[in-house]
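Asks: Provided herewith is a single structure, encoded as structure tokens, for subsequent inquiry.
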Amino acid sequence: MTQLKPWRRSVLYTIIMVVIGTILFVSQSTPSCYTNGPMIEDIYVWQRHWDGKVQQSILDHGHSFHRVVALHAEVSWSDRHKPLVHIPLDYRSLQSNSSTIGLVLRLGPYKGTYKEDDTTAKWLIQMGQAMIAEAKTNQMEVSEFQLDFDCAESKLAGYLLWIQAIRKAIAPTPLTITALPSWMDQKEFETLIRNVDSFVLQVHSVTPPRSTEHRIDLCPVDAARKAVEIAGSFEVPFRVALPTYGYLVAYDSKGNYVGLSAETLPSDWPMDSFIKEAWSDPKSIAGLVSEWENQRPCSMQGLIWFRMPIEGDRMNWPWQTFNEVRKGNIPMPKLIIDVHQSSNELIEVFLCNQGNGTAFTPPEMIISWKNTKFLGGDGIQKFELFNSSTNEVVLKNASNSQRFRIKPNHRLPIGWFRLDRKTKIETKIQGLK
């Protein structure tokens, strides 16, 4: 038999070990069983201030979810004067939906030490016990107590000490934690999730863009699929958190990133900031829902949506869009031009969305007529009106780089004009994709 040279034996040995390691990794990262069918759906209520709109949304829609999970307290370790923000919940509206509730304790970035019996751990335990006791006083059963903490990967072993102490203190209330996909690469992860009753895999996040050219994807589909497969291989019950929200993204005059905001324009942004919107994509997320209904790991219990749409929350999906995505359907816009003629020959022009998906303003719209004289008019909402001939006007989007969003069942006024008498009006949308 021909003897291999030492260097060749070494190379062959390395190749064999890499192949074996790859096989072991793949086998360990693959769920042992799969299931299908409708998934349970929970939903977060994440408002810091509950007003009538939050309560109304819970009353109108909460019953369509398995569980409402509400942010109840938030810790900011850097604020020594007010480290804890307590969110008062309206238990009356919650009771109309269910006799149970999930409560969330949100923990901000932490740079201290982790111990299971020091002052910090005891403080967290007391908070958890107080939150559960408050719900019971209001005749509600806490079906899960959730810790939402984006712990540094290098500190997972320390986080485990908190988890073990809190779980013991709040028993028999189930303890859930949120988990980032990057945690699953750490050796401490499996021990961590085996010390809780379940975990929430958060597959959505925002990476600050470097410039206006950098695309923001709040929920990369391929990464979400891969994360769910790996999570399923641990065979610990989990849910997947999917996003319904959008962000305002600000850039300075040179195109450099300034900041993110979930709703309003912060006062510290430069006056000349260029604002873009970054949204979770209903089409891709509906695809994930459909895929997981057909096949998912047995340990994947279902979904938890972030967050419940509230009237006036313009950086969230409307309910028409959300309900289609929940069914695994792709929401579709249906944009029409609506013209309103008044008795004094004033014609007001609106763009209306009669679909269930968000529409975008088209480049231009043509409004035409016959045997009538044009007297004058103007565009509004950054639309410009041009009287292109004796029997038509054209409304053009003045900002080619910025297209307005029109939510389902909404109408956007875009212009007006006058004719010398009433007549039949015809409309046409140009450049609509």
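Asks: Please tell me if GLU235 is at positive phi, surrounded by fewer than 21 Cβ atoms within 10 Å (Cβ to Cβ) and of a type in the set (Asp, Glu). Outline the logic, then answer.
Replies: On the way: at positive phi: yes; surrounded by fewer than 21 Cβ atoms within 10 Å (Cβ to Cβ): yes; of a type in the set (Asp, Glu): yes.
When the stated conditions are applied, GLU235 passes them.
Asks: Right, another one. LEU288 - would you say it is in contact (Cβ under 8 Å) with a residue 40 or more places away in the chain and either within 14 Å of THR244 (Cβ to Cβ) or assigned to a helix (DSSP H, G or I) (or both)?
Replies: Numbers: in contact (Cβ under 8 Å) with a residue 40 or more places away in the chain: yes; either within 14 Å of THR244 (Cβ to Cβ) or assigned to a helix (DSSP H, G or I) (or both): yes.
Here the answer is yes, as LEU288 does meet what is asked.
Asks: Give segment 307-348 a look and list any residue that's part of a helix (DSSP H, G or I) and of a type in the set (A, V, I, L, M, F, W, C), or say none. Give the derivation first.
Replies: Start the filter on segment 307-348 by keeping residues that are part of a helix (DSSP H, G or I), which leaves 319-326.
TRP319, PHE322, VAL325, listed by residue number.
Asks: For residues that are basic (Lys, Arg) and in a loop (DSSP other than H, G, I, E, B), scanning just segment 378-406, find the one that is farthest from LYS276 (Cα to Cα).
Replies: It comes out as LYS382.
Asks: Here are some residues: MET127, MET140. Which one is among the aliphatic types (A, V, I, L, M), assigned by TED's automatic domain parsing to the domain that holds VAL75 and closer than 22 Å to GLY108 by Cα? Steps first, answer last, please.
Replies: Details: MET140 fails: closer than 22 Å to GLY108 by Cα.
The unique qualifying residue is MET127.
Asks: Working only within segment 407-433, note down all residues that are of a type outside the set (Phe, Trp, Tyr) and assigned to a strand (DSSP E or B). Give the derivation first.
Replies: Looking only at segment 407-433, we keep the residues that are of a type outside the set (Phe, Trp, Tyr), and these are 407-415, 418-433.
Residues satisfying the conditions are ARG411, LEU412, PRO413, ILE414, GLY415, ARG418, LEU419, GLU426, THR427, LYS428, ILE429, GLN430.
Asks: Let me ask another. Which of the residues spanning segment 57-79 are in contact with a Gly (Cβ under 8 Å, 6 or more places away or on another chain) and of a type in the set (Phe, Trp, Tyr)?
Replies: Keep residues of segment 57-79 that are in contact with a Gly (Cβ under 8 Å, 6 or more places away or on another chain), which gives 66-70, 74-78.
Once the filter is applied, which keeps residues that are in contact with a Gly (Cβ under 8 Å, 6 or more places away or on another chain) and of a type in the set (Phe, Trp, Tyr), segment 57-79 yields only TRP77.
Asks: Here is a follow-up. What do you reckon, is TRP279 more than 30 Å from PHE234 (Cβ to Cβ), touching a strand residue (DSSP E or B) at 6+ places or on another chain (Cβ under 9 Å) and not polar (S, T, N, Q)?
Replies: On the way: more than 30 Å from PHE234 (Cβ to Cβ): yes; touching a strand residue (DSSP E or B) at 6+ places or on another chain (Cβ under 9 Å): yes; not polar (S, T, N, Q): yes.
Yes: the conditions hold for TRP279.
Asks: Scan segment 376-408 for residues that are exposed (fewer than 13 other Cβ atoms within 10 Å of the Cβ) and either modelled with pLDDT of 90 or more or in contact with a His (Cβ under 7 Å, 6 or more places away or on another chain) (or both) and jot them down.
Replies: Those that are exposed (fewer than 13 other Cβ atoms within 10 Å of the Cβ) and either modelled with pLDDT of 90 or more or in contact with a His (Cβ under 7 Å, 6 or more places away or on another chain) (or both): GLY376, ASP378.
Asks: On the basis of being touching a Phe, Trp or Tyr at 6+ places or on another chain (Cβ under 6 Å), among the aliphatic types (A, V, I, L, M) and in a strand (DSSP E or B), does LEU375 make the cut? Lay out the reasoning, then the answer.
Replies: Details: touching a Phe, Trp or Tyr at 6+ places or on another chain (Cβ under 6 Å): no; among the aliphatic types (A, V, I, L, M): yes; in a strand (DSSP E or B): yes.
Here the answer is no, as LEU375 does not meet what is asked.
Asks: Just to check your reading of the model, which residue among THR207, THR191 is surrounded by fewer than 16 Cβ atoms within 10 Å (Cβ to Cβ), free of Cβ contacts under 8 Å to residues at least 40 places away in the same chain and within 16 Å of PHE238 (Cα to Cα)? Before the answer, list the steps.
Replies: Details: THR207 fails: within 16 Å of PHE238 (Cα to Cα).
The unique qualifying residue is THR191.
Asks: Inspect all residues belonging to segment 152-165 and state whether any of them is modelled with pLDDT of 95 or more, more than 22 Å from ASP42 (Cβ to Cβ) and outside any helix (DSSP H, G or I). Walk me through how you get there before you give the answer.
Replies: Of all residues in segment 152-165, those modelled with pLDDT of 95 or more come to 152-165.
If we keep only those that are more than 22 Å from ASP42 (Cβ to Cβ) as well, we get 152-162, 164-165.
This time we only want the ones that are outside any helix (DSSP H, G or I), so: 152.
Checked against the condition, which is being modelled with pLDDT of 95 or more, more than 22 Å from ASP42 (Cβ to Cβ) and outside any helix (DSSP H, G or I), segment 152-165 yields at least one hit.
Asks: Next up: Any residue that is surrounded by 18 or more Cβ atoms within 10 Å (Cβ to Cβ), of a type in the set (Asp, Glu) and modelled with pLDDT of 90 or more - is there at least one of those in segment 46-55?
Replies: Within segment 46-55, not a single residue is surrounded by 18 or more Cβ atoms within 10 Å (Cβ to Cβ), of a type in the set (Asp, Glu) and modelled with pLDDT of 90 or more.
The values are calculated or read from the model by the stated rules, or taken from the named source; none is laboratory data. Here the structure is a predicted model, which means the values were calculated and not measured. Cβ atoms come from the backbone with ideal geometry, glycine included; neighbour counts cover every protein chain shown.
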